[in-house]
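The next block holds one structure in the form of structure tokens; read it before the comments.
The values are calculated or read from the model by the stated rules, or taken from the named source; none is laboratory data. Everything quoted here is computed from the prediction, not taken from an experiment. Here the Cβ is made from the backbone with ideal geometry for all residues, glycine too, and neighbour counts use every protein chain on show. Note: areas computed on protein heavy atoms with side chains; ligands, DNA, RNA excluded. Shrake-Rupley method; radii C 1.70, N 1.55, O 1.52, S 1.80 Å.
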Amino acid sequence: GDSVTQTEGLVTLTEGLPVMLNCTYQTAYSTFLFWYVQHLNEAPKLLLKSSTDNKRTEHQGFHATLHKSSSSFHLQKSSAQLSDSALYYCALSDTDNNNAPRFGAGTKLTVKP
Amino acid sequence: EAAVTQSPRNKVAVTGGKVTLSCNQTNNHNNMYWYRQDTGHGLRLIHYSYGAGSTEKGDIPDGYKASRPSQENFSLILELATPSQTSVYFCASGDQINNQAPLFGEGTRLSVL
């Protein structure tokens, strides 16, 4: 079945440094990949989505590029802000079969002054 | 405005008791999902539905039932609640028009004592 792997459970970095959160996936079908962000005591919210190979997708200062050759969809930002501290989820949906979206285990990002 | 509303927002239940978590969406989405969120496990899919009258098992369905009596409503039922079901539960809706990107409710915090 479909699966998503996020290798870092916790990432702590200093304000102004670049952010990279890893996401790899497994699926046999055509998919959409998503990044969700969840701030404390809030619902997860869609940050980015893509289904196009090798195309950079950007939103709110974050960007990600879907690489089907390596099954990856890493989230990046050039300069972290304190307000970026949150839980980030990578997810995929199987568009061929209309299967329910699956999420990774999440990465908690903490940005310090 | 697109919305997913969950009730109750907080619930304390006793072991062996019956718990019903309700979800209503006004997005006219065909698909609805129930996830539970636990540290280290991320968002795990419990049950989902393609439309009124349909329910499908997700990845962790044991101990849970689901009911989709209408397009708008999707319930999660714990017939015999156990402490291991203490968690935060999220309902979401989506469909192929929005690439199945889940739109989440605010969550229900359930404690089973």
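Scanning the range A:79-113 for residues that are under 15 Å from the mean Cα position of the chain (by Cα) and polar (S, T, N, Q), we see that the one that is surrounded by the most Cβ atoms within 10 Å (Cβ to Cβ) is A:SER93.
Of all the residues that make up the range A:95-108, how many are in contact with a Ser or Thr (Cβ under 6 Å, 6 or more places away or on another chain) and either more than 14 Å from every other protein chain (Cβ to nearest Cβ) or not in a loop (DSSP other than H, G, I, E, B) (or both)? Residues that pass the stated criteria total 1.
Matching residues to (1) within 11 Å of another protein chain (Cβ to nearest Cβ); (2) at pLDDT 95 or above; (3) in contact with a Leu (Cβ under 8 Å, 6 or more places away or on another chain); (4) closer than 26 Å to A:PHE32 by Cα:
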site: B:LEU45; (1), (2), (3), (4): yes, yes, no, yes
site: B:PRO69; (1), (2), (3), (4): no, yes, no, no
site: B:ASN73; (1), (2), (3), (4): no, yes, no, yes
site: B:PHE90; (1), (2), (3), (4): yes, yes, yes, yes
site: B:ILE97; (1), (2), (3), (4): no, no, no, yes
site: B:GLY107; (1), (2), (3), (4): yes, yes, no, yes
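Filter the range A:57-87 down to the residues that are among the charged types (D, E, K, R) and more than 21 Å from A:THR27 (Cβ to Cβ) and list them by number. Give the steps one after another, and end with the answer.
We begin by selecting, within the range A:57-87, every residue among the charged types (D, E, K, R); these are A:58, A:68, A:77, A:84.
Matches in the range A:57-87: A:GLU58, A:LYS77, A:ASP84.
Considering the range A:8-38, and only residues there that are in a loop (DSSP other than H, G, I, E, B) and in contact with a Lys or Arg (Cβ under 8 Å, 6 or more places away or on another chain), the residue that is nearest to the other protein chains (Cβ to nearest Cβ) turns out to be A:GLY9. Taking (1) among the charged types (D, E, K, R); (2) within 18 Å of B:GLN96 (Cα to Cα); (3) without any contact (Cβ under 8 Å) to a residue 24 or more places away in the chain in turn, A:GLU58 satisfies each apart from (2).
Anything in the range B:1-14 that is open to solvent by 80 Å² or more (accessible area, probe 1.4 Å) and more than 15 Å from the chain's Cα centre (by Cα)? List them, or say none. Passing the criteria: B:GLU1, B:VAL12, B:VAL14. Among the residues making up the range B:38-93, those that are of a type in the set (Phe, Trp, Tyr), part of a loop (DSSP other than H, G, I, E, B) and open to solvent by less than 70 Å² (accessible area, probe 1.4 Å) are B:TYR64, B:PHE74.
Table: residues versus (1) over 20 Å from B:ALA3 (Cα atoms); (2) surrounded by 19 or more Cβ atoms within 10 Å (Cβ to Cβ); (3) among the hydroxyl-bearing types (Ser, Thr, Tyr).
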site: A:GLU8; (1), (2), (3): yes, no, no
site: A:LEU13; (1), (2), (3): yes, no, no
site: A:LEU17; (1), (2), (3): yes, no, no
site: A:ASN22; (1), (2), (3): yes, no, no
site: A:ALA28; (1), (2), (3): yes, no, no
site: A:PHE32; (1), (2), (3): yes, yes, no
site: A:TYR36; (1), (2), (3): no, yes, yes
site: A:PRO44; (1), (2), (3): no, yes, no
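Exactly one condition in (1) part of a strand (DSSP E or B); (2) among the hydroxyl-bearing types (Ser, Thr, Tyr); (3) surrounded by fewer than 17 Cβ atoms within 10 Å (Cβ to Cβ) is false for A:THR52; which is it? Here A:THR52 meets the rest and fails (1). Go through the range A:65-92 and count every residue that is within 14 Å of another protein chain (Cβ to nearest Cβ), closer than 15 Å to A:ASP53 by Cα and not aromatic (Phe, Trp, Tyr). Residues in the range A:65-92 being within 14 Å of another protein chain (Cβ to nearest Cβ), closer than 15 Å to A:ASP53 by Cα and not aromatic (Phe, Trp, Tyr): 2 in total.
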